[in-house]
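Engineer: This is the structure, below, for whatever I ask next.
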Amino acid sequence: MTERDPLAATGGGAPSTGVRRVLAALAGLLAAAVALGVAELVAALVGPASSPVVAVGNAAITLTPEPVKAFAIRTFGENDKIALIVGTLVVIALYALVIGLLGLRSRRLGVLGILLFGLVGVVAAVTRPAGGILYGLPALVGALVGAVALLALLPPLQTPVPAEDPVAVDPPTGTSPQHGLAGRVRDALGAGDRKGSGMDRRRFFLTSGVAVGVAAVAGGGGRLLQQRFDVAGERGDLALPRPASPAPALPVGADLARRVEGLTPLVTRNAEFYRVDTAITVPQIRPSDYQLTLTGKFDSPTSYTLQDLLDRDDIIERDITLTCVSNEVGGRLAGTARWLGVPLGAFLRENGIRDDSNQLVCTSSDGMTIGAPTRSALDVEDAMLAFGMNGEPLPVEHGFPVRMLIPGLYGYVSACKWLTRIDATTFDAFDPYWVQRDWAAEAPIKVFSRIDTPAPLRAFPPGRRAIAGVAWAQTRGIARVEVKVDEEDWAEAELSPEVDADLWRQWVLPYDFAAGQHSLTVRATSSDGETQTEQRAAPFPNGASGWHSVRVIVR
Ligand SMILES: Nc1nc2c(c(=O)[nH]1)N[C@H]1C(S)=C(S)[C@@H](COP(=O)(O)O)O[C@H]1N2
Ligand SMILES: [Mo]
């Protein structure tokens, strides 16, 4: 087969060259759209995480260097995943434009480009921790159909069309040597290029219309069909047990947010609870399929179904504040909920956990590994395998059906969501996901306090106004919160009642503001006497430190 450059054939200077290039780029885009649409449809058979856009996005998360990831979390916050998907689509679109242009010069190169693009999708999907060989299917089928689309779209841009004889483009009878499947394939691959001096716009736009239709129907249909993996229904039907040990009642008036505007509520609603994880598509685990497996240093490990866990007679309910290590000074990656679950220490002992395990490696259904110190899992009083959050089954985003919680440790070393395996091992034997990325292997939560109100740099009139916020030091509790205005002495704030050492405390200090600019600074002291350090540290590698300050304008 000989390649011929249709542009060269026309001397590259024909008036239609620019238009032809634009249409070729469009052909590349359409072929990519068809590929992605078809891939979504196939992913509806295999599972949502096998969608190549999702798989490539997930792989990007895995491969992205920590500083970039930290930047993304800082910049996009809870929208980091949307930003990633949009970014992935933009890269794909640019690549597709190039493929279209390349295809104009050589269809074989164009097809090769699409197949390469498919290969990236296949590799990304198959190598996902939760992925199997089947996960490669959506990208593979998508790329093949995308290649067919490209081969259908390019020829009309390269075929000479004698205006008076449109039939010559597409012979209706079998007399042409190009006819028949082999001939068509040869034609499509460029061997059949004739002088290449014109284009058949009508046929191009008709084919484009078909491509748009296929992409939209396959993509939209695929996304719709993927909803069959949703476990929202099963989650709604799940009945939670009553705790044998209920949470201590909150004293009347415990929540200072009722009287101070802008203060974080004592208990965070599920919909408002911060979310941090690497999952682009949230794992969907059917309660009836759920299995928790114990491996490693256990004398008598058992496997548990969800019902086994729900049926236990030692269920506890506790109010616990959970925090992310990525939380910056003044940050909001923390929340408090009323959790319901199995006491972790008792559970581990019952399975004969051995003394020579110092790390529990928890694995989620999507392949995340989170390593917690065995000592904390055994000894921290309210550590649990949680299945309930604020009176509901865990929301799917927060780990349905079961997650781990160990008060006093950042989430990345304790709070494994979608928990399916606990391996009793050692720190020497295995580095979990974040530790592989150089975060600290052990990370107790640092004493922390934050000013919620007044908001920085928003002007308000002179007079009395509450300065307020939250402070936490899980497992130790907060004893004191102090506020410094400008160069005045530290003033002690009023605290919400101490409910549990694992729960944050709200603090309030009414203050008479004079006109002008003021700087407000807060610091907390834990019940065991550690005052929050002024020393600034970034979240990496074991949590941010430093006092939170805000500037306010009074006028
Ligand atoms: N499976 C899984 N569990 C996970 C994570 C994750 O990425 N995957 N992130 C951890 C981190 S870093 C934190 S801070 C908490 C956050 O829990 P939340 O999203 O319910 O607030 O979950 C932890 N558990
Ligand atoms: Mo985290």
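Engineer: Could you list which residues have their amide H under 5 Å from that of A537, counting only those 5 or more apart in sequence or on another chain, with H placed in the peptide plane?
Structural biologist: So A537 has HN proximity to S545, G546.
Engineer: Okay, moving on. Please compute the volume of the convex hull spanned by the alpha-carbon atoms of the range 256-436 and report it per residue in Å³.
Structural biologist: 122
Engineer: Just to confirm a number: summing +1 for Lys and Arg and -1 for Asp and Glu over residues other than P67 whose beta-carbon lies under 11 angstrom from that of P67, what do you get?
Structural biologist: Residues close to P67 contribute a combined charge of +1.
Engineer: Summarise the long-distance tail of P(r) for the range 448-554 by giving the % of C-alpha pairs beyond 20 Å.
Structural biologist: So the portion of pairs separated by more than 20 Å is 38 percent.
Engineer: What do you get for trypsin sites (Lys or Arg not before Pro) in the range 399-495 restricted to DSSP loop and a cutoff of at most 12 other Cβ within 10 Å of the site's Cβ?
Structural biologist: Those satisfying the criteria are R458.
Engineer: Continuing with this model, one more query. Tell me, what is the percent relative contact order of the chain, built from C-alpha pairs under 8 Å that lie six or more residues apart?
Structural biologist: In percent, rounded to a whole number, it is 13.
Engineer: Under a 1.4 angstrom probe, counting protein chains only, how are V554, V111 ranked by accessible area, largest first?
Structural biologist: Ranking V554, V111 by accessible area, largest first, yields V111, V554.
Engineer: Go through G262, T336, S51 and say which Cα lies farthest out towards the positive end of the charge dipole of the chain; charges sit on Cβ, +1 for Lys and Arg, -1 for Asp and Glu.
Structural biologist: Projecting each Cα onto the dipole axis, the largest value belongs to S51.
Engineer: Still on this structure: Among the listed pairs K297/K446; K297/K417; K81/K417, which have their C-alpha atoms separated by more than 24 angstrom in this model?
Structural biologist: Result: K297/K446 exceed 24 Å.
Engineer: Please give every one of the aspartates and glutamates within straight-line cross-link reach of K69, meaning a C-alpha to C-alpha distance under 18 Å, and leave out same-chain neighbours fewer than 8 residues apart.
Structural biologist: E78, D80, D277, E328, D438
Engineer: At each listed q (0.06, 0.10 Å⁻¹), what is the log10 of I(q)/I(0) that the Debye formula gives for the chain modelled as equal alpha-carbon point scatterers?
Structural biologist: -0.43, -0.88
Engineer: What value, in deg cm²/dmol to 500, does the helix sum -39500 (n - 2.57) over DSSP H runs of n ≥ 4 give at 222 nm once divided by the residues of the chain?
Structural biologist: Dividing the helical sum by the residues of the chain leaves -10500 deg cm²/dmol.
The values are calculated or read from the model by the stated rules, or taken from the named source; none is laboratory data. Just so we're clear, the structure is a prediction, and the values are computed from it rather than from any experiment. So basically every Cβ, Gly included, is an ideal-geometry build from the backbone, and we count neighbours across all protein chains shown. All accessible areas refer to the heavy atoms of the entire protein, side chains included, with ligands and DNA or RNA removed. Shrake-Rupley method; radii C 1.70, N 1.55, O 1.52, S 1.80 Å.
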